[in-house]
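The values are calculated or read from the model by the stated rules, or taken from the named source; none is laboratory data. Only a predicted model underlies this, so the values are computations on that prediction, with no experimental measurement involved. All Cβ positions, even for glycine, are placed from backbone atoms using ideal geometry, and neighbour counts span all protein chains on display. Note: accessible area is taken over every heavy atom of the protein model, side chains too, but ligands, DNA and RNA are not part of it. Shrake-Rupley method; radii C 1.70, N 1.55, O 1.52, S 1.80 Å.
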Amino acid sequence: MTDFSTIYKLSLVAVICCIKACSSSCPVLECWFVQEKAGRGGGLTAATSQEKSLLHIRTAHSHSADFNQAPSDINPDRVYFITDPAATLCQRSLNPPRGSVQKPQCEINPYLPQPSTLKWVAPLTDSAVSPAYLQADWFSTALQGLNDELAISTIMRAPTATKEHNVILSVTSKTVSVQSRLGEPVLLDCSFWVDPSSPLSGSGFAVEWRYQFRGDGRLVLAYDGKTDRLADTREEGATLDFEGLHKKGNASLILQEAKVHHSGMYICTVYLPYLVAQVAVELEIVEPPSLSIHPSPLPLTAPGQTLTVECEASGFAPLSLELSWELKGADGKSSPLGSGSVTGHRQAWDGTYSQSSRLELDPTKLDLGRGGELTCVAVHLGGTRRASVTLNAIGFSTPSIEDSMAMVGVALVLYGLIKFVSWTCTSSGSNEAGQQDKKDK
């Protein structure tokens, strides 16, 4: 029994170690090496060329011969060995199962370190002399994980004419796409890591968040970490966790209250002296509609009458909405009535939208029976919403057995009341006539 227990424990430990090893293993990334073609000038946009490349990711320096030979379709000069001490590139979404059709997206480009011209970044490069540390080959990579779960941008340094790259700066977002309801606080994830052995790590940093949507762009927030100052231009309700920013590189943007105009693309940019990397986060404000039906309650419908009903959907975002009608008869069966006459969108002061559908009910064309339930259905990105009203109709069908029995009962009661009143009146008249005769005598 003791031996069995020991074997069980060892097996459990082996399984846990295997899971940890698989989840933390660094991938070999297939990447596109993109650069400008030489010899193109005259102010025209430079043409680019792209080649397949391979990135061997590791968390510590090791001998390049330890890696397998490159595939035949990849130029050996485009095989790089990336040392990433922070293991930022060792995420699960960058390492799909063997044989998987889906692959993470990856692009690597030559990079030229240079000072920024932005006023809140200028303090990072006060010195007019570039450090000798910049005399090397520099590259930038942009990666996107499976199912848009992750976005990473890195700046890498390699000694001239070598393929041994070291990650100096990495910027990561684990929320590439975010949805939020109106009025809720929103967190747009962004974090960065700087190689502590780099001379640039102790020279300060700056963080900038910008908004872009359909050609509209604006600065949301900019912070100079070297002087601990925010730029004058700052959107109301936007802030950072400044303690987490300095201690852990947490540059996430916090929007205290989500509004419709917040929907769009947000770009998190991190600056070091002469280096810059950025990731993009998509935010969509999704608010389902509120439905109301007019008139409510519906008036009694009789033969020959046309009933007009209107359904209004209000307070929703984004714009796309489908309105339709359903009628559930007294037998419980539902039948579609179409979308009716749908109006155009109207925008409220808070940016939300409203839209209406008008339906005309012709009792002669519908088998209404004794009425039923009329329902307005709104299909929206935020969910499907329904609103119902009771439809009462008269004169459309023969009465049921219960109705017939009720009518007979009512008729008998009325007949009894009539007979009782008639008898009472007759008796009263006879008594008055008799008393009058006695007086005359």
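Of the whole protein surface, V421 contributes about 80 Å² of accessible area at a 1.4 Å probe radius. With the whole protein complex present, W32 retains an accessible surface near 110 Å², based on a 1.4 Å probe.
Solvent-accessible area assigned to carbon and sulfur over the range 290-392 amounts to 48 percent, based on a 1.4 Å probe. Stretching the chain fully between T48 and R181 yields a gain of 43.7 nm (0.36 nm per residue, less the alpha carbon separation). For the range 236-386, the equivalent ellipsoid built from the Cα gyration tensor has semi-axes of 50, 13, 12 Å, listed from largest to smallest.
The heavy atoms of D362 present about 50 square angstrom of accessible area, all protein chains included, probe 1.4 Å. Taking the alpha carbon gyration tensor of the range 199-248, multiplying each eigenvalue by 5 and rooting it gives semi-axes of 23, 13, 10 Å, largest first.
Taking the radius of gyration and the Kirkwood hydrodynamic radius from Cα positions alone, what is the Rg/Rh ratio for the range 79-224, to two decimal places?
On the way: Rg = 17.4 Å, Rh = 17.5 Å.
Rounded to two decimals, Rg/Rh equals 0.99.
Report, in listed order, any pair from K52/K163; K226/K247; K52/K103; K174/K248; K226/K248; K37/K103 with a Cα-Cα distance greater than 19 Å. Those over the limit are K37/K103. Checking the cross-link filter: which aspartates and glutamates have an alpha carbon closer than 14 Å to that of K333, excluding same-chain neighbours under 8 positions apart? Counting by Cα, and skipping residues close in sequence, K333 has these aspartates and glutamates nearby: D367, E373.
Between K163 and Q102, the simple spin-label model (points 7 angstrom out along Cα→Cβ) gives 3.0 nm.
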